[in-house]
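Below you'll find the structure, written out as structure tokens, and then a few comments.
The values are calculated or read from the model by the stated rules, or taken from the named source; none is laboratory data. Only a predicted model underlies this, so the values are computations on that prediction, with no experimental measurement involved. A quick note on method: Cβ atoms are made from the backbone with ideal geometry, for glycine too, and the neighbour counts reach across all protein chains shown. Each accessible area value is taken on the protein alone, full model and side chains, heavy atoms only, with ligands, DNA and RNA left out. Shrake-Rupley method; radii C 1.70, N 1.55, O 1.52, S 1.80 Å.
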Amino acid sequence: MIKERIQELMTQVQQMQAQSAEQMEALRIKYLSKKGEITELFNQFREVPKEEKKELGMQLNALRQMAESRLQEMREAFEAQRAAEDKPDLTRTPEPIALGTRHPLSLTKEEIVDIFSRLGFTVAEGPEVEDDKHVFGMLNFAPEHPARDMQDTFFVEKEEGVQKPTDILLRTHTSSVQTRVMTSQKPPIRVLCPGRVYRNEAISARAHCFFHQVEGLYIDKNVSFADLRQALMYFAKEMFGPDTKIRLRPSYFPFTEPSAEMDISCNICGGTGCGFCKQTGWVEILGCGMVDPNVLESCGIDSKEYSGYAFGMGVERITNLKYRVKDLRLFSENDVRFLQQFESC
Ligand code: PHE
């Protein structure tokens, strides 16, 4: 039985013809795939009586070899034909695709957002081209505050060549998103505002005319400074490791009262003092404070019923601390040699 079948298949294989690569593949499947006819014979071969095994085995192997070499011949013929016609070889293994890498600032931003999301914060976004009201006015900036000066803020000219007065500007902080959230949502509010901000600074290794922030805002009944401190301590330890210490120094922002700046123990020297922390053992990473009642009121929130805290940090600064990037300009030059270093992050 099996012997006759081998003979039959031998004849078929000898006569095999294919007009195209697809037909050739169909033949391979018909005879040699897992369920192919030749493979099937190999399965049946297990039941062949011992004395016939040797002879039949040799024949079977010869059959398989014949099928394989016939297919190989055909394949070569097709390839030669295709090369002659100069067609691209669509069956060739592709070149490895160079996948892009995630930008270090995105990595840091995502990590910050991830940490605060564990405390219940969600992300809010807003426009980069803003008006004076949302960036300064509702945030308790006095009319003569220097930030409102062209020295510090980029104003957008309404018509070409027409200088100030205009109240359209590039936002200098993402607190503008907070004002938008406060005017459109009712407390409790717990949002993070990541985004790009612009300031009129000369570009150097340590300053740039745009950078990125993540600001946070929490408004509810009975929110206290202790809540703020607790949230920031949690953030610092999650971001920089469990041994990180924090320190809050009194500061001033128009929109918070009291205000503070937060330092963390230098994560480069561990707090013993090094060039990075200017031998102090501390590095400043963010500004924060209790939302000024004037701000709540100007956004339509009753400051007798609600209180809140806010904080804001520069993503570049946190990235520098995490990945030791010394020159800010590297973040926006798109030099792949720099970006590729974050490939495995
Ligand atoms: N908006 C401040 C800045 O851009 C940061 C900040 C946010 C400070 C919230 C206090 C509270 O510098």
Debye, to nearest 20: dipole size of the chain, +1 on Lys, Arg Cβ, -1 on Asp, Glu Cβ: 1140 debye
Assuming 1.002 mPa s and 20 °C, estimate D for segment 119-277 with Stokes-Einstein, Rh taken as the Kirkwood radius over Cα pairs, in µm²/s. 121 µm²/s
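In debye, nearest 20: dipole of segment 212-304 around its Cα centre with unit charges on the Cβ of K, R (+) and D, E (-)? Please report the intermediate quantities before stating the final value.
Working: 8 positive and 12 negative charges, 74 e Å.
Charge dipole, segment 212-304, about its Cα centre: 360 debye, nearest 20.
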So which lysines can Lys109 reach, going by Cα to Cα under 19 Å and dropping same-chain residues fewer than 8 places off? Lys237, Lys322, Lys326
Tell me, what % of the accessible area of the chain is carbon and sulfur with a 1.4 angstrom probe? 51 percent
Ignoring everything except DSSP H segments at least 4 long, calculate the 222 nm mean residue ellipticity for the chain; use -39,500 (n - 2.57) per segment, divide by total residues, nearest 500. -12000 deg cm²/dmol
May I ask for log10 I(q)/I(0) of segment 1-82 at q = 0.19, 0.27 Å⁻¹, from a Debye sum over the Cα atoms as equal point scatterers with solvent left out? -0.79, -1.33
Which is farthest toward the positive dipole end of the chain among Tyr31, Pro254, Leu321, measuring Cα position about the Cα centre, with Cβ charges +1 (Lys, Arg) and -1 (Asp, Glu)? Tyr31
From Cα coordinates alone, what are the radius of gyration and Dmax values for segment 224-323 in angstrom? 15.1, 47
What is the angle, in °, between the Cα long axis of helix 104-117 and the longest principal axis of the Cα atoms in the chain? Nearest 10 is fine, range 0 to 90. 70 degrees
Site Glu110, offset 7 angstrom along Cα→Cβ, radius 19 Å on amide nitrogen, limited to segment 230-259, gives 238-240
Measuring from the lowest to the highest alpha carbon on each principal axis, how far does the chain reach, largest first, in angstroms? 102, 53, 46
Which of Phe42, Gln151, Leu90 sits closest to the plus end of the dipole of the chain, meaning its Cα is farthest towards the positive end, when Lys and Arg get +1 and Asp and Glu get -1 on the C-beta? Phe42
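State in Å² the accessible area per residue of the chain; use a 1.4 Å probe, count heavy atoms of protein chains only, and round to the nearest integer. Mind dumping the intermediate values first?
Working: 19830 Å² over 345 residues.
For the chain, the solvent-accessible area averages 57 Å² per residue.
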Using modelled backbone amide H atoms (1.01 Å from N, in-plane), which distant-in-sequence or interchain residues come within less than 5 Å of Leu286's amide H? Met262
Loop GluC sites (Glu not before Pro), segment 1-86, which have at most 12 other Cβ atoms in a 10 Å radius of their Cβ (DSSP): Glu47
How big is the Kirkwood radius of segment 1-140, worked out from every pair of different alpha carbons and given in Å to one decimal? 21.6 Å
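Please state the charge dipole magnitude for segment 142-228, taken about the Cα centre, from unit charges on C-beta atoms (+1 on K and R, -1 on D and E), reported in debye and rounded to the nearest 20. Please list the in-between numbers first.
Details: 11 positive and 11 negative charges, 72 e Å.
Its charge dipole is roughly 340 debye.
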